[in-house]
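Working notes for the structure below.
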Amino acid sequence: MRKIMQTLADKLSRAGLVLSMAMLLMLPQMGYTQAVDEDPTALAMAGDLVIARPLLLVATVVGTVFYVVSLPFSLAGGNAAEAGETLVVGPAKSTFVRCLGCTRSGYKKDVAKYED
């Protein structure tokens, strides 16, 4: 029984390490929220759909858990809004507001297609 628990703990620690490294690598692209003027390739869209979006969704859920756990300390320190922005809103914008395949957050505005 002890060996099974040790094996499970090793697997969970590896998964946690992989998840934290993935979130760390995605951190620089989470801060952009202006209109996007990009033309992503099909490969970029497929990679975004299969790899980036699920990882960003996990980052949003984990950030929400961390925000709830840190909320008493954030309220005491007076920075609950900044903690919420960093831990929940930033990853959520990258997950749900970014166009598929784009590297910056924001809505893709393509006005020329719809004018007539």
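The values are calculated or read from the model by the stated rules, or taken from the named source; none is laboratory data. Not measured: the values here are computed from a predicted model. Ligands, DNA and RNA are excluded from the accessible area calculation, which covers all protein heavy atoms including side chains. Shrake-Rupley method; radii C 1.70, N 1.55, O 1.52, S 1.80 Å.
Quick notes on this structure:
- Ranking by accessible area, most exposed first, for ARG53, ARG98, ARG2, ARG104 with a 1.4 Å probe: ARG2, ARG104, ARG53, ARG98
- Residue separation of VAL61 and ALA80 scaled by 0.36 nm, minus their Cα-Cα distance, works out to 5.1 nm of gained length.
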